[in-house]
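Undergrad: Before I ask anything, let me first share the structure, which is written out below as structure tokens.
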Amino acid sequence: FVCHFPSRVSGRIETEQARIESAKVLRTKVDSLLSARTNLNLIIMGDFNDSPNDKSLRDILKANEMKSKYIKEGSESRKQLYNLLYRKNKDTDNGTYKYKGVWTINDHLIVNGNLLNEENNIKVKLNKSYIYKKDFLLEVDEKYYGKKPYRTYVGPRYIGGFSDHLPIFMDLIINNAE
């Protein structure tokens, strides 16, 4: 799934219900696939306009932090959803989006436990995902501090950058089944 949940442009609290509703629809689709397939490899990614511990992701989608290094074969946790950027959320200088000088993680890579099982033919390398934060994607943040994403537009004005969000990625290991 590739997602773009509703914006916070009218305020976080005022728009929260729209993101919760989006998460409910996505969770219904995920549950349907997980019940229909026994060996599903599921990737959900995109701009959720919420942090890992906001209600839409934590309580509705139930995409949580991975507690152990690997998911065990046959375990029910293989059907659970894990937010690969959850741990990075604890670092205040880390994020995919900067608003009023504060970095947040609004973009997520979420996988089911099957992709975190070391015995699976397809798995996330090192069970990690990353924020691609290279200098050419950033510009000086003159109003606050440090750097911020080099945007394509500021309002209606084209400034030639890339995006107001930094890219995220993970590496997949794919082994041929015998």
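Undergrad: Whole angstrom only: what separates the Cα centroid of the stretch 89-158 from the Cα centroid of the stretch 159-174?
TA: Between the Cα centres of the stretch 89-158 and the stretch 159-174 lies a distance of 7 Å.
Undergrad: Name the residues whose placed amide hydrogens come within less than 5 Å of the amide hydrogen of Lys147, ignoring near sequence neighbours (fewer than 5 apart) on the same chain.
TA: Those qualifying (amide H under 5 Å, at least 5 residues apart or on another chain) are Asp141.
Undergrad: Can you compute 3J(HN,Hα) from phi for each residue in the stretch 26-41, using the Karplus curve 6.51 cos²θ - 1.76 cosθ + 1.60 with θ = phi - 60°, rounded to whole Hz and x for Gly and Pro?
TA: Ordered by residue, 3J(HN,Hα) equals 4, 4, 4, 5, 4, 4, 4, 5, 5, 7, 8, 10, 8, 10, 7, 10 Hz.
Undergrad: Just Ser22, Ser35, Ser51 to compare: in a GNM of the chain, with alpha carbon springs under 10 Å, which one fluctuates most?
TA: Ranking Ser22, Ser35, Ser51 by mean-square fluctuation puts Ser35 first.
Undergrad: Would you kindly state how much longer the chain becomes between Asn39 and Asp135 on full extension, computed as 0.36 nm times their sequence separation minus their alpha carbon distance, in nm to one decimal? List each step's numbers first, then the result.
TA: On the way: separation 96, 0.36 × 96 = 34.56 nm, distance 3.97 nm.
Extra length from Asn39 to Asp135 when fully extended: 30.6 nm.
Undergrad: I would also like to ask the following. Considering only the chain, what is the antiparallel percent among its DSSP beta bridges, to the nearest 5? Display every interim value, and only then the final one.
TA: Numbers: 23 of 28 bridges.
Restricted to the chain, the bridges split so that about 80 percent are antiparallel.
Undergrad: Would you calculate, for the chain, the mean residue ellipticity at 222 nm contributed by helices, counting each DSSP H stretch of 4 or more residues as -39,500 (n - 2.57) and dividing by all residues, to the nearest 500? Please list the in-between numbers first.
TA: Working: 1 runs with 25 residues, N = 178.
Helix contribution divided over all residues of the chain: -5000 deg cm²/dmol.
Undergrad: Hey, what did the chain get for relative contact order, percent, Cα under 8 Å, at least 6 apart? Could the numbers behind the result be given before it?
TA: Numbers: 333 pairs, mean separation 33.2, N = 178.
Relative contact order, the chain: 19 percent.
Undergrad: Between Tyr97 and residues 5 or more places away or on another chain, which pairs have amide H atoms under 5 Å apart, with H built 1.01 Å from N, and which residues are they?
TA: Thr104, Asn106, Leu166
Undergrad: Only Lys, Arg, Asp and Glu count, each charged at its Cβ (+1, +1, -1, -1), so figure out the dipole size of the chain about its Cα centre, rounded to 20 debye.
TA: On the way: 30 positive and 23 negative charges, 39 e Å.
The dipole magnitude comes to about 180 debye.
Undergrad: Pop out the ³J(HN,Hα) list for the stretch 86-103 in order, Karplus 6.51 cos²θ - 1.76 cosθ + 1.60 with θ = phi - 60°, rounded to Hz; leave Gly and Pro as x.
TA: 4, 5, 5, 5, 7, 9, 5, 9, 10, x, 10, 8, 10, 10, 6, x, 10, 7
Undergrad: Tell me which residues come under 5 Å, amide H to amide H, from Cys3 once H is placed; ignore anything under 5 positions away on its chain.
TA: For Cys3, whose amide H was placed from the backbone, the distant partners under 5 Å are Met45, Gly46, Asp47.
Undergrad: Any idea what the dipole of the stretch 1-73 comes to, in debye rounded to 20, about its Cα centre with Lys/Arg Cβ at +1 and Asp/Glu Cβ at -1?
TA: Numbers: 13 positive and 10 negative charges, 52 e Å.
It works out to roughly 240 debye.
Undergrad: In addition: With +1 on each Lys and Arg Cβ and -1 on each Asp and Glu Cβ, how big is the dipole of the stretch 83-178 about its Cα centre, in debye rounded to the nearest 20? Mind showing how you got there, number by number?
TA: Working: 15 positive and 12 negative charges, 84 e Å.
The dipole magnitude comes to about 400 debye.
Undergrad: Okay, next question. From the backbone phi of the stretch 105-111, what are the Karplus-calculated ³J(HN,Hα) couplings (6.51 cos²θ - 1.76 cosθ + 1.60, θ = phi - 60°) in whole Hz, Gly and Pro given as x?
TA: 9, 9, 9, 9, 10, 10, 10
Undergrad: What per residue convex hull volume, in Å³, do the alpha-carbon atoms of the chain yield?
TA: Residue-normalised Cα hull volume stands at 132 Å³.
The numbers here are math on the coordinates, done by the rules we state, and not lab data. Model, not experiment: these values are computed from the prediction. Using ideal geometry, Cβ is built from the backbone for each residue, glycine included, and neighbour counts are taken over all protein chains shown.
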